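Novice: Once you've had a glance at the structure underneath, I'll fire off some questions.
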Amino acid sequence: MKQYIARRVGYSLLSLFLLSLTIFLFIRLTGDPAALLVEPGASAQDIENIHRRLGLDRPLWEQYWLFVASFVQGDLGLSFYYRTPVLDLYLQRLPNSLLLAAVAMAFSLLIGIPSGILAAVRVGRMWDSAGKMFALLGLSLPSFWVGLVLILVFTVWLGWLPSSGAGTAAHVVMPAFALGWYFAAAHMRLTRSSMLEVLGSEYVKLARLKGLPEALVIGKHAFKNALIPVITLAGINLVVMINVAVVVETVFAWPGIGRLLYEGISFRDFPVVQGVVVIGGAMIVLVNLAVDIVYALIDPRIRLAR
Amino acid sequence: MGSSGGRSSRLPGALSRSRAAQQTTVLHLNRRQLLALGGFAALAGGGLDEALAATPDGQLTWAVHVSLAPTWFDPAETPGMITPFMLLYALHDAMVKPMPGKTAAPCLAETWKVAPDGLSYEFTLRDGVKFHNGEPVTAEDVKFSFERYRGTSSSVMKARVASVETPDARTVRFVLKKPWPDFLTFYSSATGAGWIVPKKYVEQVGDEGFKKAPIGAGPYKFVSFTPGVELTFEAFEGYWRKKPAVKRLVLRVIPEEATRLAALKRGEVDIAYSIRGELAEELQRTPGFTLKPVVIQGTFWVYFPEQWDPKSPWHDLRVRKAAALAMDCKSISEALTLGHSKIVNSIIPYNFDFFWQPPPAVYDPKQARALLAEAGFKSGFDAGDYYCDASYANVAEAVLNNLQEAGIRVKLRPLERAAFFSAYAEKKLKNLIQGASGAFGNAATRLDAFVIKGGAYAYGNYEDIDTLFAQQAVELDQKKRTELLHKIQQLMHERQVYAPIWQLAFINGQSNRVKESALGLIEGHAYSAPYEDVAINKS
Amino acid sequence: MSTITPTIAAPAPVSLTWRRLKDFPLIPTLILLLIAFVAIFADVLAPYDPQIGSLARRFRPPFWQEGGSMEYLLGTDHVGRDVLSRLMYGARVSMIVGLAAVLVAGALGTFLGIVAGFLGGWVDQVIMRLTDTWLALPALTFAIFLAAIVGPSELNIIIILGGVYWTRYARVIRGEVLSLKEREFVNLAVVAGCSRAKIMWRHILPNVINSAIVLATLMLGVVIVTEAALSFLGVGVPPPKPAWGLMLADGKKGLMVGYWWLTVLPGVCIMLMVLSANLLGDWLRVKLDPQLRQL
């Protein structure tokens, strides 16, 4: 077991190394940040000054070494655009991102789980398809469009919710819904299929044979067991949400990490992009690692299979 | 985009707006007299109730289109773009800066004089001016601010300034290595070198500490900043020019244009920057809101990078003329910026020094087709790619329509901003390029980058133009230099080196709660400034 | 998304009997066929050139609204182009981009998934670490990168979207191959002396193709919606090409000012297409591959 964990940790570190190298090289292929820090037509000397100030005049390997060496010490460098430590920027925005993702997840589960159960149990065709359609609709509409329609209705027409920004509970409602709706379908599908699987299992059949009321069978026995994979997926999706929220954050001026990353890319703010992507990657790798280890603990065959 | 430096007051509009009279008359007053004068200035600038307002009151909120960076709190890091001045005008003050009706208005410097040999500039500081922490602004601060300046054009300035002397606390002398007629231009508006920070405080807290809690001599004090969300200022009642009328200023970052409009309409903000096209039209129709267009110094054009290649159709002047004639710039301006963008017909902003006004742009698709036929393209031709910055693809689409109508068939290639400018500068683009620049400077600096041999964005050159340019660079006589630069611009126009589109109008919106948004008060400045002039309607 | 690999039994051979077609999603299929029809015959059907307009007739509303005319049935856009024609050609662009991207992602992902699952060992490790890395890069981030590096064009968008989404195939297919490997017929093939390449091609691929098809129908929606998001961020299919996602992003400003047809119409088109693809995909999933659930 120890050996297995050591191997998994080793692979995770390898993934992170690959990721950091990929992002480091990729972002440098996308153009010169100096071109964006000045107006086109600025003097060559100004651009040279900027290169020197940002450390872009050094050889590539040295830049990478600096990045990795300071990353290990918990230093992500200074943002080119903000000129403040990337870690500070990240930590300032992390609570916003977590809040948005958590509320969005709540919305998505609130839509996804009931519609998934209804689809599996087939209480009635109409309910089944209504829930399913609603969940799928979220998948079919680009979130920026959903966001703008929400603003139009709830801000411009009804005047109920603030258009953008963060700070109060009212601010989080629209962005969280726009983000969560998109994920609802995935949770619906998984709920449905794992419900079906559990409903077909021996002990549920046994429970039915014992004459327990159907509602109790579904509500207690089946649901509880079917929930486990859904929660696992939700955990992973929570991390994914933090990373994909960029569109929603742009529409609602939500100061989250997605927006930070997007601006980092637009401004060719190399340290920000590197930092955000590698931290995000580390989170996903860690979650995967945890899942792997937990599963390996539960099921020894997995350990041996790899 | 753009800059603070509209340096020429050639336009009648600029003169009629002039209200700079008060600034030059402020002489050796004690603090009480200064306050009284502040009231007078407000009277001259705004109205009676503004002057009567004893203490600053209320709050104005802006919806800002870009993410605000703490680096802009420090004038020493001013990059070559206009955006940081959005904050500098509130937080800091400069020795000499563009103000309403004046491109080089005395601010912290009350007066200055140039030595007869042109080798030194001596500034006298205004008496009794204080930083937000109560410390007086001294000659030492001026010297310190200049020396720590590392932003745009810092190397140029430092190469030409031999030393900064401070004979007494209110006198600063800049000694030049050789005469440099553009010194004041650079010091007052093209850089951040003339914006003054408190030496003692900066040394005490360090550069990083200064960005966290900046202190300046401007009309507004720093209160709080949440990166990516909002920035709050509070009125500095001891500001020398006048006491600000509004107590709090809040700048909120809202990147999406449609959201900014929604926020303005719901009353979450009072002023929204950059509302364009159909959104601006909507705002114009909505009662209770006003559009505030400001022509900035960002010019747009179509460039023919293949005009030097004899095998290219663009080598033929008639084809280039045809392209220019096919472009209906006026209608494009009407559609996208409600007609507020200026059709200057030049790649040089009309408010730049040494600008030469070409004949007005002509839209004549018939003549365009005739010229094409004459050049051997009776049924038009496939002109390849049309590159542009993706954020201005809407302009490109409109130009494309025009070109197609005349028979010049092109394929639009919008590139993401950074990629576009990298490729433009690396001379990787071909066929047609839709370029734009809002860089600081004057006609000479623009030409240097976009026309002259070796220029960062010049894909080819004309020898005679290069010769004229070399001549003007060493010409000390202002009149002769102007003539030379005018001649170059004339040649460019005749050869249609560029097909200019417009000088961009930056369109903003405001609600009727706002009495004075200070938008457009300073020629060529895109944002609200000076902030001490903003006011709220009391009703 | 996760590294959980569900143990999956090989799918039973499929026979599309009438019983199986019982709840066939007829309407979604018809919608998809209609979109395909319009896409193929856009040249004939569209009344105008979708790329050329005139500023003089911008923002005309649809014919039933005041100010609209039969000339431009569904109105005109911000540069005066006919919306109906753009929607028709847009069907073509979106179909091509969607299908091609799914094909690229599917081919790449299936290939790598089979190779990783079947060969195992270090090949497997390298490929799986690569997918880990890929998943850690947010899809949109990666797409913006690629768009900035290679520049936007229809072809590049296809490559970008394919390059982003192949990991989903790789994971699912690899999981299936792992269990297929243990099956009799594979062992028999090995005993019979078939080469590894031949086994993968002849025996493994046909058995995972169902899953790949199901995934493809579901991915079609994801790809189309991502394409729209890319346009919103300014790195999608370049204008003036008519693509639904681009039309939606271009028209987003109009939504606030009453030019609803500029966003609602392409939005409805996208929605119908994605919803139909998903409904069809869900049905296929149940019919072809009931066990597959990591989607």
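Novice: Quick check on region A:1-8. Is at least one of its residues of a type in the set (Val, Ile, Thr), buried (at least 19 other Cβ atoms within 10 Å of the Cβ) and in a helix (DSSP H, G or I)?
Specialist: Taking region A:1-8 first, the residues of a type in the set (Val, Ile, Thr) are A:5.
Restricting the remaining residues to those that are buried (at least 19 other Cβ atoms within 10 Å of the Cβ) gives none.
Within region A:1-8 (the criterion being of a type in the set (Val, Ile, Thr), buried (at least 19 other Cβ atoms within 10 Å of the Cβ) and in a helix (DSSP H, G or I)), the answer is no, since none of the residues qualifies.
Novice: Out of (1) part of a loop (DSSP other than H, G, I, E, B); (2) within 14 Å of another protein chain (Cβ to nearest Cβ), the odd one out for residue B:155 is which?
Specialist: Just one mismatch for residue B:155, condition (1).
Novice: As an exercise: evaluate residue A:55 against (1) more than 12 Å from chain B (Cβ to nearest Cβ); (2) small (Gly, Ala, Ser); (3) within 26 Å of the chain's Cα centre (by Cα) and give the number of the one condition it does not meet.
Specialist: Exception for residue A:55: condition (3).
Novice: Then there is this: Being at pLDDT 90 or above, outside any loop (DSSP other than H, G, I, E, B) and of a type in the set (Ser, Thr, Tyr) narrows it down to one of A:70, A:115, A:97, A:108, so name that one.
Specialist: On the way: A:70 fails: at pLDDT 90 or above; A:115 fails: at pLDDT 90 or above; A:97 fails: at pLDDT 90 or above.
None of the others qualify; the one that does is A:108.
Novice: A follow-up question, please. Filter region B:106-139 for residues that are of a type in the set (A, V, I, L, M) and surrounded by fewer than 20 Cβ atoms within 10 Å (Cβ to Cβ) and give the result. Steps first, answer last, please.
Specialist: Applying the first criterion (of a type in the set (A, V, I, L, M)) to region B:106-139 yields B:108-109, B:114-115, B:119, B:125, B:129, B:137, B:139.
Those that are of a type in the set (A, V, I, L, M) and surrounded by fewer than 20 Cβ atoms within 10 Å (Cβ to Cβ): B:114, B:115, B:119.
Novice: Sort out which residues of region B:490-516 are surrounded by 24 or more Cβ atoms within 10 Å (Cβ to Cβ) and among the polar types (S, T, N, Q), and write them in order of number.
Specialist: Answer for region B:490-516, where residues must be surrounded by 24 or more Cβ atoms within 10 Å (Cβ to Cβ) and among the polar types (S, T, N, Q): B:503, B:508, B:510.
Novice: Look through B:370, B:396 and report the one residue that is away from chain A (no Cβ under 14 Å), closer than 22 Å to residue C:54 by Cβ and crowded, with 22+ Cβ neighbours inside 10 Å. Give the derivation first.
Specialist: Details: B:370 fails: crowded, with 22+ Cβ neighbours inside 10 Å.
The match here is B:396.
Novice: Could you list, ordered by first residue, the pairs with Cβ atoms under 6 Å in which the first is in region C:225-244 and away from chain A (no Cβ under 14 Å) and the second is outside any loop (DSSP other than H, G, I, E, B) and among the basic types (Lys, Arg), at least 6 apart or interchain?
Specialist: So the pair list comes out as C:242/C:86.
Residues are listed down the side, and each one gets a yes or a no for (1) more than 30 Å from residue A:263 (Cβ to Cβ); (2) within 14 Å of chain A (Cβ to nearest Cβ); (3) over 27 Å from the mean Cα position of the chain (by Cα); (4) acidic (Asp, Glu):
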| site | (1), (2), (3), (4) |
| --- | --- |
| B:405 | yes, no, yes, yes |
| B:424 | no, yes, no, no |
| B:433 | no, yes, no, no |
| B:445 | no, yes, no, no |
| B:458 | yes, yes, no, no |
| B:479 | yes, no, no, no |
| B:482 | yes, no, no, no |
| B:490 | yes, no, no, no |
| B:495 | yes, no, yes, no |
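Novice: Check off (1) under 30 Å from residue B:378 (Cβ atoms); (2) surrounded by 17 or more Cβ atoms within 10 Å (Cβ to Cβ); (3) touching a Pro at 6+ places or on another chain (Cβ under 9 Å) for residue B:460 and give me the number that stays unchecked.
Specialist: With (1) under 30 Å from residue B:378 (Cβ atoms); (2) surrounded by 17 or more Cβ atoms within 10 Å (Cβ to Cβ); (3) touching a Pro at 6+ places or on another chain (Cβ under 9 Å) applied to residue B:460, the lone miss is (2).
Novice: Does any residue in region B:147-161 that is over 19 Å from residue B:173 (Cα atoms) come within less than 8 Å, Cβ to Cβ, of a residue that is of a type in the set (Val, Ile, Thr) six or more places away or on a different chain, and which pairs are these?
Specialist: B:151/B:78; B:151/B:191; B:152/A:38; B:152/B:78; B:152/B:191; B:153/B:191
Novice: List the strands (runs of 3 or more DSSP E) inside region B:214-253, counting only whole elements, that have at least 2 residues being closer than 23 Å to residue B:128 by Cβ.
Specialist: Numbers: elements: B:220-226, B:230-235, B:246-253.
Fully inside region B:214-253 and qualifying: B:220-226, B:230-235.
Novice: Hey, can you tell me all the residues within region B:58-105 that are buried (at least 24 other Cβ atoms within 10 Å of the Cβ) and touching a Cys at 6+ places or on another chain (Cβ under 9 Å)?
Specialist: Selection gives B:93, B:94, B:95, B:97, B:99.
Novice: Is there any pair with a first residue in region A:261-276 that is more than 9 Å from chain B (Cβ to nearest Cβ) and a second that is buried (at least 24 other Cβ atoms within 10 Å of the Cβ) and of a type in the set (Gly, Ala, Ser) whose Cβ atoms are under 6 Å apart and which are 6 or more apart or on different chains, and what are they?
Specialist: A:269/A:79; A:271/A:79; A:272/A:79; A:272/A:264; A:273/A:264
Novice: Let me ask another. For the subset of region C:146-178 comprising residues that are more than 25 Å from residue C:201 (Cα to Cα) and surrounded by 22 or more Cβ atoms within 10 Å (Cβ to Cβ), which member is farthest from the other protein chains (Cβ to nearest Cβ)?
Specialist: Pass one, region C:146-178, residues more than 25 Å from residue C:201 (Cα to Cα): C:146-158, C:160-161.
Now drop any that are not surrounded by 22 or more Cβ atoms within 10 Å (Cβ to Cβ), which leaves C:146-148, C:152, C:157-158, C:160-161.
Details: C:146: 8, C:147: 6, C:148: 4, C:152: 7, C:157: 13, C:158: 17, C:160: 12, C:161: 14 Å.
Once the filter is applied, the top-ranked residue is C:158.
Novice: Sticking with this one: Of all residues in region A:132-175 being in a helix (DSSP H, G or I) and of a type in the set (Gly, Ala, Ser), which is nearest to residue B:66 (Cα to Cα)?
Specialist: A:147
Novice: If you don't mind, there's one more thing I want to ask. Looking at B:294, B:205, B:269, B:197 in this structure, which one is away from every other protein chain (no Cβ under 13 Å) and under 30 Å from residue B:337 (Cβ atoms)? Full working, then the answer.
Specialist: On the way: B:205 fails: under 30 Å from residue B:337 (Cβ atoms); B:269 fails: away from every other protein chain (no Cβ under 13 Å); B:197 fails: under 30 Å from residue B:337 (Cβ atoms).
Result: B:294 is the single residue among B:294, B:205, B:269, B:197 that is away from every other protein chain (no Cβ under 13 Å) and under 30 Å from residue B:337 (Cβ atoms).
Novice: Restricting attention to strands (runs of 3 or more DSSP E) lying wholly within region B:46-141, give those where 3 or more residues are touching an Asp or Glu at 6+ places or on another chain (Cβ under 9 Å) and over 24 Å from residue B:178 (Cα atoms).
Specialist: Numbers: elements: B:57-64, B:96-99, B:102-106, B:109-114, B:120-125.
Ranges flagged: B:57-64.
Novice: State yes or no: is residue C:54 surrounded by 13 or more Cβ atoms within 10 Å (Cβ to Cβ), modelled with pLDDT under 85 and farther than 30 Å from residue C:183 by Cα?
Specialist: Working: surrounded by 13 or more Cβ atoms within 10 Å (Cβ to Cβ): yes; modelled with pLDDT under 85: yes; farther than 30 Å from residue C:183 by Cα: yes.
In short, yes.
Novice: Moving on to the next point. Could you say which residue among A:222, A:234, A:178 is in a helix (DSSP H, G or I), surrounded by fewer than 24 Cβ atoms within 10 Å (Cβ to Cβ) and more than 9 Å from every other protein chain (Cβ to nearest Cβ)?
Specialist: A:234
Novice: Also: Among the residues of region B:171-213, which ones are aliphatic (A, V, I, L, M), part of a helix (DSSP H, G or I) and under 17 Å from residue B:121 (Cβ atoms)?
Specialist: As a first pass, look at region B:171-213 and keep what is aliphatic (A, V, I, L, M): B:172, B:175-176, B:184, B:190, B:193, B:196-197, B:202, B:205, B:213.
From what's left, part of a helix (DSSP H, G or I): B:184, B:190, B:202, B:205.
Passing the criteria: B:184, B:190.
Novice: Taking the condition over 33 Å from the mean Cα position of the chain (by Cα) and surrounded by fewer than 17 Cβ atoms within 10 Å (Cβ to Cβ), does residue A:209 pass?
Specialist: Numbers: over 33 Å from the mean Cα position of the chain (by Cα): yes; surrounded by fewer than 17 Cβ atoms within 10 Å (Cβ to Cβ): yes.
When the stated conditions are applied, residue A:209 passes them.
Novice: Also, quick follow-up: Conditions: (1) touching a strand residue (DSSP E or B) at 6+ places or on another chain (Cβ under 6 Å); (2) on the phi > 0 side of the Ramachandran plot. Residue B:275 meets all but one. Number of the miss?
Specialist: The failed condition is (2).
The values are calculated or read from the model by the stated rules, or taken from the named source; none is laboratory data. Note that the structure is predicted; figures quoted are calculated from it, not measured. All Cβ positions, glycine included, derive from the backbone under ideal geometry; neighbour counts span all protein chains shown.
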